[in-house]
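Here is the structure we will look at.
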Amino acid sequence: MTRGFTADDLLALQLAEDPQISPDGAQVAFVRTEVDRERYEYHRSIWLAPVAGGEPRRLTNGPGDTAPRWSPDGRTLAFLRGPAAPAQPKTREERDTGKTSAQLWLLPLEGGEPRQLTHLRHGASAAVWSPDGATIAFAAQTGDTDDAEVDDATLDGKTLPRVRTIDQLWHKLDGAGYIYELRSHLFSLPAMGGEPRQLTDGDWNDGDVCWSPDGRSLAFTSDRSDERWTWPAASVWTLDLVSGALRRLTEETLGAGGPTWSPNGMQIAFIASPRRHGVGHTDLYVAAVDQSEPGQRLLSGDFIADCADSCIDDQRSSHGSPHMAWSADSRDILLLASARGATHVYAAPADGSGEPRPLTSGAIHVYSFSVDRDTRTLALAISTPTIPGDIFTQSLGTVATGAAPANGQPRRLTEVNAALLAEVEVAEPEEFTFTGADGWELQGWVMRPPEADREQPLPAILEVHGGPAAMYGSSFFLEFQLLAAQGYAVVYVNPRGSTGYGRVFSGAVINDWGGKDFADIMAGLDAAIARGGIDPHRLGIAGGSYGGFMTNWAVGHTDRFKAGVTMRCVANMATMFGVSDIGWSLAIDELNATPWDDLDRLMRFSPISYVKDIHTPLLILHSDNDLRCPLEQSQQVYAALKFRGEQTRMVIFEGQSHDLSRTGHPRSRVRRLNEIVGWFEQYIPTK
């Protein structure tokens, strides 16, 4: 006898992430994440799965083990080990040796215990092995906080109020906090152990490191422009390890990420978008290593897909991260790209002779991948609407000649949620197309309760994604499954502004928030209702971030909804300018206005301006440590509605960031889900 999903099932869900295939293609190391129910902590450990089949085995016990990386000979794994949850050092020794930070460790696979490599005060990032396996490069934060007396007092059991001195515009980042004090730089150290050697320095951040095939140079990203604290966007650089010479390969008009060196040493592939006035679409580029002046070549051209994983769900926050590799013959670049609700691995000809071609297929979300040394086998992390996330492999044909993949379907190596999925009924979405504003054909889905009677109209919840530069698609969404289990149909669509439909589509929302994007969303709802099985008089709406903006906007412009849930919302574009970690970029690049020159324009795009027209019962959910859409945005809406006597409630999640729904504290995430369901059940009861 199966049952429906509950919010507490979040505590039982496990994730398989970061698949790293061994150089010979025989094994896949991956990270398995589960929740310690007693301590409400995430527990991460590293596992190994044989590609030929068989039970995966645990390699480490955690609780905070991540980022496994194979040595070139396949005999050793480097990985990061840290605490399960953020912790403060108790002694000066713990602080100075980074006891409470993630550090690099080595694990010999032929036997033996893990060995710690680094003891850096601020920890280290993932290991990048040199081609000969003798050296490991990585990035780490350097510097001191600007009020060291407070840090010392904490170790002596005292509490002092911190005084911060800030002199740059971009000084905070959601999920990281204040970022004006420390700087990330490159380091190397012998794989056998020793003192790390700092390779870069300066008032900027360096990261995304990779080795040249000959082991003589490093490629990395760094923004050393005069605009770095106002309009941050990194360039691709190289560092000659023998001479110490630095060279910037790309133009500073782009913001680049994920540089990956070709095996023949001639080119570096990377993804990028414009530093200023971008449209939310990411492109693939290459830069020649041997060039006298910075420059790059666009490979993705009119490719409709977004050259990144921009498919969102509520199980992981890595969407948008670059994932790339080269074919062994340097003819193709393998990358993740997102199009029409699916994220796949594509192969892009490095000479620009053709459009990237898919190596995987179907209604799936590939959220991470790696490839073996000979480009014969892919290791894939895949989610679908019914699979939260597992590890797969897929054999490849001759990628460089464009042959279709051999053994075309991925082969599953893990089933980390088999026990849970055997207990619950899992809903499957129905895809549909509809006509939006301007006659554009758009994509949407309806998720109905399992075995729902199509003759019995259901109440429906319209969900709006954040971004807007993101897309809904073929990924597991616990929030949707939970609503379906309570008897709701869930409607979700990709309006203009979404990624995965080309740069014109994603850029069509600029200077028009609440305009044709709102028309697209409402057209999607009407199309879902027209398909049958939805009660048009029992509708709710929910969304977070830009989806929170749109929820606020919708209930201020229509009374169709019986209840709404706005999460981590945008309410006032003028105040966002000064309080958000990206506020000035949002106002100027998205809406072409500043508060002092065109306050009226920003207020026209602000849902708070229409609060007098909100009569829909509105639940407001927000994290108090949200630096992307700060708490004051929700407080403005709450105060206005409460003052006017409207039905509203605000729930604040202490210590959580903008990513509460995906990576927040497990207890807070469960409470959030229960709040959503409880609000809709109060105002739109199901049978």
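The values are calculated or read from the model by the stated rules, or taken from the named source; none is laboratory data. Only a predicted model underlies this, so the values are computations on that prediction, with no experimental measurement involved. Cβ sites come from the backbone with ideal geometry, for glycine too, and all protein chains shown count toward neighbours.
Does Arg276 satisfy the condition of being surrounded by fewer than 24 Cβ atoms within 10 Å (Cβ to Cβ), among the charged types (D, E, K, R) and under 24 Å from the mean Cα position of the chain (by Cα)?
For Arg276, the condition - surrounded by fewer than 24 Cβ atoms within 10 Å (Cβ to Cβ), among the charged types (D, E, K, R) and under 24 Å from the mean Cα position of the chain (by Cα) - is met.
Among all residue pairs at least 6 apart or on different chains, which show Cβ distances below 9 Å where the first residue, located in the range 590-601, is in contact (Cβ under 8 Å) with a residue 12 or more places away in the chain and the second is in a loop (DSSP other than H, G, I, E, B) and of a type in the set (Val, Ile, Thr)?
What qualifies is Glu590/Val509; Glu590/Ile510; Leu591/Ile510; Asn592/Ile510.
With modelled with pLDDT of 95 or more and within 19 Å of Asp9 (Cα to Cα) as the only criterion, which of Ala485, Ala489, Ala470 stands out?
Ala485
Can you tell which of Ala554, Ala523, Ala527 is under 29 Å from His277 (Cα atoms), assigned to a helix (DSSP H, G or I), among the hydrophobic types (A, V, I, L, M, F, W, C) and over 27 Å from the mean Cα position of the chain (by Cα)?
Ala523
Pull up the range 129-146, narrow it to residues that are in contact with a Gly (Cβ under 7 Å, 6 or more places away or on another chain) and either surrounded by fewer than 16 Cβ atoms within 10 Å (Cβ to Cβ) or among the hydrophobic types (A, V, I, L, M, F, W, C) (or both), then point me to the one that is farthest from Asp214 (Cα to Cα).
Ala140
State whether one or more residues within the range 244-258 are closer than 18 Å to Glu355 by Cα, of a type outside the set (A, V, I, L, M) and either surrounded by 16 or more Cβ atoms within 10 Å (Cβ to Cβ) or touching a residue at least 12 places away in the same chain (Cβ under 8 Å) (or both). Even if it seems obvious, please write down each step before you answer.
Step one: of the range 244-258, the residues closer than 18 Å to Glu355 by Cα are none.
Taking every residue of the range 244-258 in turn, none turns out to be closer than 18 Å to Glu355 by Cα, of a type outside the set (A, V, I, L, M) and either surrounded by 16 or more Cβ atoms within 10 Å (Cβ to Cβ) or touching a residue at least 12 places away in the same chain (Cβ under 8 Å) (or both).
State yes or no: is Gly64 farther than 12 Å from Thr118 by Cβ and either more than 21 Å from the chain's Cα centre (by Cα) or not β-branched (Val, Ile, Thr) (or both)?
yes
Please enumerate the residues belonging to the range 84-96 that are out of contact with any strand residue (DSSP E or B) (no Cβ under 8 Å at 6 or more places or on another chain) and under 22 Å from Pro68 (Cα atoms).
Pro86
Only one residue in Thr594, Thr616 is in contact with a Phe, Trp or Tyr (Cβ under 9 Å, 6 or more places away or on another chain), hydroxyl-bearing (Ser, Thr, Tyr) and surrounded by 19 or more Cβ atoms within 10 Å (Cβ to Cβ), so which one is that?
After ruling out the rest, the residue left standing is Thr616.
Restricting attention to the range 72-128, and to residues there that are of a type in the set (Val, Ile, Thr) and under 30 Å from Lys158 (Cα atoms), which single residue is surrounded by the fewest Cβ atoms within 10 Å (Cβ to Cβ)?
Here the answer is Thr91.
Given Ala337, Ala328, Ala347, which one is at pLDDT 95 or above and in contact with a helix residue (DSSP H, G or I) (Cβ under 7 Å, 6 or more places away or on another chain)? Steps first, please.
On the way: Ala337 fails: in contact with a helix residue (DSSP H, G or I) (Cβ under 7 Å, 6 or more places away or on another chain); Ala328 fails: in contact with a helix residue (DSSP H, G or I) (Cβ under 7 Å, 6 or more places away or on another chain).
Matching residue, one of Ala337, Ala328, Ala347: Ala347.
Where in the range 1-76 are the strands (runs of 3 or more DSSP E), entirely inside, with at least 2 residues that are hydrophobic (A, V, I, L, M, F, W, C) and either over 30 Å from Met447 (Cβ atoms) or free of Cβ contacts under 8 Å to residues at least 40 places away in the same chain (or both)?
Result: 27-36, 41-50, 64-70.
Within the range 164-180, count every residue that is farther than 13 Å from Asp146 by Cα and in contact with an Asp or Glu (Cβ under 8 Å, 6 or more places away or on another chain).
5
Consider Glu293 carefully, then state whether it is surrounded by fewer than 21 Cβ atoms within 10 Å (Cβ to Cβ), in a loop (DSSP other than H, G, I, E, B) and touching a residue at least 24 places away in the same chain (Cβ under 8 Å).
no
Evaluate the following for Asp147: is it over 25 Å from Arg58 (Cα atoms), in contact (Cβ under 8 Å) with a residue 40 or more places away in the chain and of a type in the set (D, E, K, R)?
So Asp147 does not fit the description; no.
In the list Ala571, Ala542, which residue meets the criterion of being crowded, with 24+ Cβ neighbours inside 10 Å and closer than 16 Å to Pro617 by Cβ?
Selected residue: Ala542, the only one of Ala571, Ala542 that is crowded, with 24+ Cβ neighbours inside 10 Å and closer than 16 Å to Pro617 by Cβ.
Going by the structure shown, is Arg538 part of a loop (DSSP other than H, G, I, E, B) and of a type in the set (Lys, Arg)?
Considered against the rule, which asks whether it is part of a loop (DSSP other than H, G, I, E, B) and of a type in the set (Lys, Arg), Arg538 comes out as no.
Check the range 189-201 and report whether any residue there is more than 30 Å from Arg628 (Cα to Cα), outside any helix (DSSP H, G or I), among the basic types (Lys, Arg) and at pLDDT 95 or above.
Looking only at the range 189-201, we keep the residues that are more than 30 Å from Arg628 (Cα to Cα), and these are 189-199.
Of the ones still in play, those that are also outside any helix (DSSP H, G or I) are 189-199.
Going one step further and asking which of them are among the basic types (Lys, Arg), we end up with 197.
Checking which are at pLDDT 95 or above leaves us with 197.
Yes, the range 189-201 has at least one match.
Within the range 631-645, is there a residue that is in a loop (DSSP other than H, G, I, E, B), at pLDDT 95 or above and aliphatic (A, V, I, L, M)?
Checked the range 631-645: no residue is in a loop (DSSP other than H, G, I, E, B), at pLDDT 95 or above and aliphatic (A, V, I, L, M).
What about Leu380, is it buried (at least 22 other Cβ atoms within 10 Å of the Cβ), modelled with pLDDT under 95, in contact with a Ser or Thr (Cβ under 8 Å, 6 or more places away or on another chain) and within 15 Å of Val51 (Cα to Cα)?
no
Can you name the residue in the range 316-325 that is modelled with pLDDT under 95 and either outside any loop (DSSP other than H, G, I, E, B) or on the phi > 0 side of the Ramachandran plot (or both) and, of all such residues, is surrounded by the most Cβ atoms within 10 Å (Cβ to Cβ)? Before the answer, list the steps.
Let us first name the residues in the range 316-325 that are modelled with pLDDT under 95, namely 316-324.
After this cut, where a residue has to be either outside any loop (DSSP other than H, G, I, E, B) or on the phi > 0 side of the Ramachandran plot (or both) as well, the list is 320, 324.
Values: Gly320: 19, Met324: 22.
Among those that are modelled with pLDDT under 95 and either outside any loop (DSSP other than H, G, I, E, B) or on the phi > 0 side of the Ramachandran plot (or both), it is Met324.
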